[in-house]
Structures are given as C-alpha cells and as structure tokens.
Amino acid sequence: MESAAAIVHMRDITVRFGSVVANDAVSFDLRAGEVHALLGENGAGKTTLMRVLAGLIRPVSGTLAIGSRPMRLRSVADATAAGIGMVHQHFMLVPSMTVAENACLGRPAGHRMLVDVRRAARDLAELSHRYGLAVDPTAKVGQLSVGQQQRVEILKAVYRGARVLILDEPTAVLTPQEADSLLDVLRSMVAQGTSMVLISHKLREVMATADRVTVMRRGRTVGTYRTADVSAPELASLMVGREVPVSTGPVRPRTGGDTVLELRGARVTDRRGVPRLDDVTLRLRAGEILGIAGVDGNGQRELAMVIAGTEPLTGGSIHLRGRDVSHASPATRIAHGLAHVPEDRQGTGLVLDLSITDNAVLEVAAHPPHSRRGWLNRAAMRAATQELIDRYDIRCSGPDQKVRELSGGNQQKLLLAREIAREPAALLVSQPTRGLDIGAIEYVHGQLRGLRERGCGILLISTELDEILALADRVAVLYGGRITALTDRADVRVEELGLRMAGR
Ligand SMILES: Nc1ncnc2c1ncn2[C@@H]1O[C@H](COP(=O)(O)OP(=O)(O)OP(=O)(O)O)[C@@H](O)[C@H]1O
Ligand SMILES: [Mg+2]
C-alpha cells in the first residue's frame, strides 16, 4: 500500500546496543506531505529508529531509501544532504552563539563565515516569517526560552534544506499555549510541502495532527494506521499490549494530618530586585496532595528550588515537620524527610555518566545498609537497584548500565523510583510525568497516590492541569510568583482555574 508517494522507505531495520535490541526488523514509510506519528511506550525504540534516519546510528541490518534512491546514511551530513532534519528531545544548540551562527554551524566553514552568517540571518528572518516561527536571528541562543530554542532548531533544519522533518516529543517541554501554536506551525509547514515524523506520547496531539500513526512496542512495529480509522483508546491499548484503565482520582474529604511542610511569606528576589516569588504562604499536610497549577515561568522553578534548598530565600521562612529549615542545606532537608523530583532530570536529577545503581543510591549511599563504617556495600546497592528496576519496569540491560543510555522516559522513571522508595515525609515533585508514556503515567500516578495513602504529603507542581485535577486534594494557582487561588479539589471550577492561570 505504501508505494509511489512514499519519500522515506525503511525496511527491516535492526539496531542493537549490547544485548538490547532497540529496533528489531522495523519497517517504516513516510509519504510526501504527511504527518506520520510514531507512538509507543518508553524504550520502545522510537528515538532510535529516527536517529537511524537522521544518520546518527548505523543499523546492523536493513535498508533505507529516500524517494527511489537506496541510501546509506553514514553521518548527519549525509542525512542533511538527503533533506532530512531532526529536532531532538534535548536541544543541540550552542548557547553562547546567535541564532544565525548556530544555523551556520557544521557547514563547511572557512573565510566566508562572516558573510554567511549575515546572509543566514536574512534567510532565517524570511523563513521565520514564512512559517510563522517568530525568532530573532541575531539573538543569543542562551537568552531564549525553551520554546524559542525549539523554534531555532526547527528553523535551522529548514534552513539547511530539510524536506523531511523529524520532531522527537516536541511539545513535552512546552506550555499548553506554546504547544498549540507549534502544532499550528507544523501544519502550515506541511501545507507548504514538508513531510514530518512526529514522536509523541500525547494521543490527543497525535489524533489532531497526524495523518497516519505507527505504533511500536518493545523494538517492533505493531502496525500503521490512519488516524481517521482508529480511536485514542485503541491506540493506547495497541501501545501497551493491554487495555489501559482511565484513572479517576478519588476525591476524598481530607481530615487534617500534621503539617509536614510550611512556607510563610516566602520571597525570592532576583539580582535586579524583581520578585520571582512573592509572599508565598502554603501549608502541606501529611497524607494530602497539594497541586500547584500554573503556566510555566510563573515562579514554579523558584518555588521548587527554595523548598529543595538550592536557591536562597530573600524573605520569609520554610519549615519541615515543625523545624525551621529556611537556611538549611539540601542535605539537611533530605535528612529531615524531604524528597525532591526536579523538573530537569538531566540537569539536577541524575548524573548521566554514572550507572543506574550509582544514581539510585546517590543520596542514601551514606547510610546503612549501603554503607557500614564508611565502606560502600556494592552488592546491597545493586540488589536494591535491581528491585527498583523490576518494580518500576525500568527498561535497561541491568543495574550497571549508564543512565545516559536509557530512553528519556526510563530516566524519568528511575528518578521517581529513587525518591519514592525513600518513603519521605514530604515529596516535592515537578512535572513528574513529562515524557512518560500513558502506561507509565498511570503507574506513576498510582505510586503517588499510594505514597499519599501511606501518609506522605506531596507538593505537585505541574503545568498539566489534567494531572493536577487527577491527583490533587487541594489546588493552588501560581501566577506572577504569587498564590492567587487555593481551593479544595471538590470545589474547583475548571474555567475559573484557567482564568486564574492566565492572570485574570
Ligand atoms: N546509546 C545507547 N546505548 C545503549 N542503549 C541504548 C542507547 N540508546 C537507546 N538505548 C536503548 O534502546 C532502547 C530504545 O530506546 P529509545 O530511546 O529508542 O526509546 P524511545 O521509544 O524513544 O523511548 P522514550 O519514549 O522513553 O523516549 C531502550 O531500551 C534504550 O535503553
Ligand atoms: Mg525517545
């Protein structure tokens, strides 16, 4: 059925990493002018397959053709020359350079670099206008927001002549508003002749944007479907190989537990004297989930950092189980029962070049049974890690594998597993299910509910309103660094919450 119109043909592609078969005789076709979504559980092999197409990984077997020409993509340069561009899960821009300089990188340089950059800036401005991708070519990349950097990655690919654009979970890092406008941009690019592969865990997005969808499971393709012919629940069960229960968080009236975490008039002022967190007063009780809703950039990061102890308070105080920890180190806070799942797992959450075991015991290694009289007990550490791997279904080759080699979603599962396993008194989680597949989201939500049942107080910071509504017992809105609303879940009116999040 895929014949004349296909511009990318991948046949029986097999990729191995040691003992892991990441792609097992996978076939995939992309037709000219379509959006083809790639869907599948964490670790299913989606990124790997597209890295083959982008010239980053050489498969052990299989064939690839662009149009009717059989190709051997040995490098990114080969793929670029063949008109293929990929925007990765983690961006690959140089922060100290301008947008235009980034676009020129990796091209045969030489004495014409300056002229090229000037011309690039002009061409980029033209392209950004054509596709509605607002970006200033002369801006330094390091000063751009995540959403803007992503637009730079897309522009860079198009500037280099990409006719096939691969996007790996592009909306995972965006606010809902940014995500909507990106999807509009993608549609306009397709209307102007670009063909697109969209890797995504968001079924709604797949259904709304893609013409066809290929589902992968454990390194193989399950099938390719027209989105017009399948439903979202059908796709979900194809992905995980079973029916996925749709969770409805029980809304229980809370009886007041002890206060585990309290902020009184917490304030953070940046170097220019601008308040980033303004007079925040919150009380988190044992056995409840308090959801902090809001659009990214309204103080979420600062709130998490002052509680974790990685950013100083400039006013007010923080108390953990009745103890003033306003100026305590992160380690002291951990010792007093705080656990923390930060938003950026690759920055502060995990050490990528260490093994799963080393990461799993990172903060507890100083205590028995992992250490006795200062000696680390490797065997105990590995056994404990293997248990986490089994319980959280972390797809890997074993406890000794480097975290860098795990798929994005499996890195996130590891981080959550480590923090939850410590049975903290208070858990601070930011964006816990970003990048997770729907089966894994279900599992993580179940774990968070279980932790709450066992009496942990959970402060859930999420820009996904659906997630807050599914889990939280009370909901607060953070806007412009202030708490602008605080309601019991049962009294929440969604429209009003939306307005508050928008600052009205
Ligand atoms: N460089 C690597 N070295 C070793 N193993 C790897 C490497 N890259 C990927 N893998 C493994 O290959 C498998 C597929 O990973 P891949 O990143 O393609 O999954 P994915 O479908 O993109 O998942 P996610 O939705 O979590 O991003 C995983 O088991 C992963 O651990
Ligand atoms: Mg991936």
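Assorted remarks:
- Matching residues, segment 40-49, being more than 9 Å from ligand 2 (Cβ to nearest atom) and modelled with pLDDT of 95 or more: Leu49
- Residues that are away from ligand 2 (no atom under 15 Å from the Cβ) and either assigned to a strand (DSSP E or B) or open to solvent by less than 40 Å² (accessible area, probe 1.4 Å) (or both), drawn from segment 207-228: Thr209, Ala210, Arg212, Val213, Arg220, Thr221, Val222, Gly223, Thr224, Tyr225, Arg226, Thr227
- Segment 1-57 - residue that is more than 11 Å from ligand 1 (Cβ to nearest atom) and under 13 Å from Asp168 (Cβ atoms) and, of those, surrounded by the most Cβ atoms within 10 Å (Cβ to Cβ): Ala37
- Considering Asp123, Asp136, Asp78, Asp116, the condition of being part of a loop (DSSP other than H, G, I, E, B) and acidic (Asp, Glu) is satisfied by Asp136 alone.
- Count of segment 260-277 residues which are of a type in the set (Asp, Glu) and either modelled with pLDDT of 95 or more or open to solvent by 50 Å² or more (accessible area, probe 1.4 Å) (or both): 1
- Residues located in segment 405-419, provided they are under 12 Å from Val351 (Cα atoms), more than 6 Å from ligand 1 (Cβ to nearest atom) and open to solvent by 10 Å² or more (accessible area, probe 1.4 Å): none
- Candidates Leu64, Leu56: the one that is within 16 Å of ligand 2 (Cβ to nearest atom) and farther than 21 Å from Glu178 by Cβ is Leu56.
- Residue, farthest from ligand 2 (Cβ to nearest atom), within segment 148-171, restricted to residues that are of a type in the set (Gly, Ala, Ser) and surrounded by 19 or more Cβ atoms within 10 Å (Cβ to Cβ): Ala162
- Scope segment 436-470; condition of a type in the set (Asp, Glu) and over 19 Å from the mean Cα position of the chain (by Cα); matching residues: Glu453
- Answer residue from segment 390-404, given it is in a helix (DSSP H, G or I), surrounded by fewer than 23 Cβ atoms within 10 Å (Cβ to Cβ) and within 21 Å of the chain's Cα centre (by Cα) and is farthest from ligand 1 (Cβ to nearest atom) among those: Tyr392
- Residue that is least open to solvent (accessible area, probe 1.4 Å), among those in segment 172-187 that are of a type in the set (Gly, Ala, Ser) and farther than 25 Å from Gly55 by Cα: Ala179
- Residues within segment 305-353 that are modelled with pLDDT of 90 or more, within 17 Å of the chain's Cα centre (by Cα) and aliphatic (A, V, I, L, M), tallied: 1
- Residue match in segment 13-32 (condition: aromatic (Phe, Trp, Tyr) and closer than 26 Å to Thr227 by Cα): yes
The values are calculated or read from the model by the stated rules, or taken from the named source; none is laboratory data. Given the structure is predicted, the values throughout are model-derived calculations rather than measurements. All Cβ positions, glycine included, derive from the backbone under ideal geometry; neighbour counts span all protein chains shown. Just so you know, the surface numbers come from the protein's heavy atoms only, side chains and all, with ligands and any DNA or RNA stripped out. Shrake-Rupley method; radii C 1.70, N 1.55, O 1.52, S 1.80 Å.
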